[in-house]
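What follows is one structure encoded as structure tokens, with my remarks underneath.
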Ligand code: PMP
């Protein structure tokens, strides 16, 4: 087994796919789960299962404590000012849709402007299109340069007094580039706009301090950071969350209900109607502990090492197109590429035959691909449990694939 101390903690990485040891390079889509997270789900259902907040019996109290402890954990993880600023959702997508519907619809008027970027995932784009249509607000875009970076000087020309919402991804899921969120936040605030951060790709890879960024809202998903699917976090400054209506009404989020009216709980619980993904949230706590044990310095180092190793070798191969920054330290583990003359889906299918999992397509970012004049890309995305051997397998698979489709070319001419 390759020399990576974390590999053994991820049982799925020991399995074979199509007769080959799995080489999992689709971490930007979802991460694999360490045994501690799998065990935590198992332990919850084996030993602790009860509904939270309502019961007075021992199991209900223990489950409530475990669930609420994760809220504290996330608060500290993000350096949020209060635990009430941490709302559990199902995903990044859900958090962003809530913001679009509950903040956007009630704070926007015809003529107002929403500013997003061309780098956005559809989750941080389509909800704003819908809100713009309903309110008459304009949806405006910040462009990115060839390196995948939003230009702050250009942003100064677009964010203005009409801007009410700026919503930007911290790391592009296609190019891996990290955006200047702190500066964009300051710019948004200068004009009285709220700043929303899509942290789906950043929260798994870097330490985040929401007070330092000063962003107003942030959304991310547990499943991309070792946690289970079906759990997300919506962070919001307390005064802003207090000013936002819940998306759902029902059990748990109410204080008192009469035949014709209801009063609601204060704080985060006002947004968590009905039975939540209790096991998922609790296991997410174990995922956060694991990530913190690894440490974000180590995670960023490993991202940088793997991309630094891969990038120049990919550049040297004939017929390989690479996208985004030429600086391997601005990829956050993500490499998008194409092989001349081959459709990315074909490439991904052939790699799969070798047990190598990559993603091919438009990565839920069609406007970005259109802007880059691309119809699709292959995407290899690393996490800290990936190894140099994984990169070598990717490189070898690229050469094999090109050779397979271009039999008239010698292997030597491809390398
Ligand atoms: N934003 C970005 C930048 C993403 O990469 C993703 C996931 N691919 C999402 C949003 C949506 O995340 P989820 O599917 O977990 O809601």
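The values are calculated or read from the model by the stated rules, or taken from the named source; none is laboratory data. Given the structure is predicted, the values throughout are model-derived calculations rather than measurements. A quick note on method: Cβ atoms are made from the backbone with ideal geometry, for glycine too, and the neighbour counts reach across all protein chains shown.
When you scan region 353-370, do you find a residue that is free of Cβ contacts under 8 Å to residues at least 24 places away in the same chain, over 19 Å from residue 171 (Cα atoms) and in a helix (DSSP H, G or I), even just one?
Within region 353-370, none of the residues are free of Cβ contacts under 8 Å to residues at least 24 places away in the same chain, over 19 Å from residue 171 (Cα atoms) and in a helix (DSSP H, G or I).
Would you tally the residues in region 11-26 being part of a loop (DSSP other than H, G, I, E, B) and either surrounded by fewer than 16 Cβ atoms within 10 Å (Cβ to Cβ) or not assigned by TED's automatic domain parsing to the domain that holds residue 306 (or both)?
3
Looking at residue 111, is it farther than 21 Å from residue 293 by Cβ, more than 16 Å from the ligand (Cβ to nearest atom), over 26 Å from the mean Cα position of the chain (by Cα) and outside the structural domain of residue 224 (by TED's automatic domain parsing)?
Against the criterion (farther than 21 Å from residue 293 by Cβ, more than 16 Å from the ligand (Cβ to nearest atom), over 26 Å from the mean Cα position of the chain (by Cα) and outside the structural domain of residue 224 (by TED's automatic domain parsing)), residue 111 does not qualify.
Quick check, is residue 86 over 30 Å from residue 253 (Cα atoms) and modelled with pLDDT of 95 or more?
No, not satisfied.
Working only within region 159-172, note down all residues that are surrounded by fewer than 24 Cβ atoms within 10 Å (Cβ to Cβ) and either touching a strand residue (DSSP E or B) at 6+ places or on another chain (Cβ under 8 Å) or not in a loop (DSSP other than H, G, I, E, B) (or both).
Matches in region 159-172: 159, 160, 162, 163, 164.
Looking at residue 337, is it surrounded by 16 or more Cβ atoms within 10 Å (Cβ to Cβ), within 18 Å of the chain's Cα centre (by Cα), more than 16 Å from the ligand (Cβ to nearest atom) and outside any helix (DSSP H, G or I)?
Answer is no for this residue.
Hey, can you tell me all the residues within region 365-386 that are buried (at least 18 other Cβ atoms within 10 Å of the Cβ) and within 15 Å of the ligand (Cβ to nearest atom)?
Scanning region 365-386 gives 365, 368, 369, 377, 379, 380, 381, 382, 383.
Has region 96-104 got any residue that is away from the ligand (no atom under 16 Å from the Cβ) and either over 26 Å from residue 190 (Cα atoms) or within 20 Å of the chain's Cα centre (by Cα) (or both)?
Looking for residues that are away from the ligand (no atom under 16 Å from the Cβ) and either over 26 Å from residue 190 (Cα atoms) or within 20 Å of the chain's Cα centre (by Cα) (or both), one finds none in region 96-104, hence no.
Yes/no per residue for (1) without any contact (Cβ under 8 Å) to a residue 24 or more places away in the chain; (2) within 16 Å of the chain's Cα centre (by Cα); (3) more than 21 Å from residue 70 (Cβ to Cβ):
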site: 214; (1), (2), (3): no, no, yes
site: 220; (1), (2), (3): no, yes, no
site: 230; (1), (2), (3): no, yes, no
site: 235; (1), (2), (3): no, yes, no
site: 244; (1), (2), (3): no, no, yes
site: 252; (1), (2), (3): no, no, no
site: 258; (1), (2), (3): yes, no, yes
site: 269; (1), (2), (3): no, no, no
site: 272; (1), (2), (3): no, no, no
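For region 18-36, which positions are more than 16 Å from the ligand (Cβ to nearest atom) and in contact (Cβ under 8 Å) with a residue 60 or more places away in the chain?
18, 19, 20, 21, 22, 23, 34, 36
Only one of these conditions is not met by residue 72: (1) in contact (Cβ under 8 Å) with a residue 12 or more places away in the chain; (2) more than 16 Å from the ligand (Cβ to nearest atom); (3) under 20 Å from residue 199 (Cα atoms). Which number is it?
Failed condition: (1).
Please determine whether any residue of region 324-333 is crowded, with 17+ Cβ neighbours inside 10 Å, in contact (Cβ under 8 Å) with a residue 12 or more places away in the chain and more than 20 Å from residue 172 (Cβ to Cβ).
Taking every residue of region 324-333 in turn, none turns out to be crowded, with 17+ Cβ neighbours inside 10 Å, in contact (Cβ under 8 Å) with a residue 12 or more places away in the chain and more than 20 Å from residue 172 (Cβ to Cβ).
Have a look at 55, 136, 104, 148 and point out the one that is touching a helix residue (DSSP H, G or I) at 6+ places or on another chain (Cβ under 9 Å) and either at positive phi or not assigned by TED's automatic domain parsing to the domain that holds residue 205 (or both).
148
Could you identify the single residue in 324, 341 that is out of contact with any helix residue (DSSP H, G or I) (no Cβ under 6 Å at 6 or more places or on another chain) and under 22 Å from residue 383 (Cβ atoms)?
Going through 324, 341 in turn, just one is out of contact with any helix residue (DSSP H, G or I) (no Cβ under 6 Å at 6 or more places or on another chain) and under 22 Å from residue 383 (Cβ atoms): 324.
Give me a count of the residues in region 349-364 that are under 11 Å from residue 379 (Cβ atoms) and away from the ligand (no atom under 16 Å from the Cβ).
Summing the residues that are under 11 Å from residue 379 (Cβ atoms) and away from the ligand (no atom under 16 Å from the Cβ) in region 349-364 gives 0.
Mind checking whether some residue in region 59-79 is within 18 Å of residue 265 (Cβ to Cβ) and in contact with a strand residue (DSSP E or B) (Cβ under 6 Å, 6 or more places away or on another chain)?
Within region 59-79 (the criterion being within 18 Å of residue 265 (Cβ to Cβ) and in contact with a strand residue (DSSP E or B) (Cβ under 6 Å, 6 or more places away or on another chain)), the answer is yes, since at least one residue qualifies.
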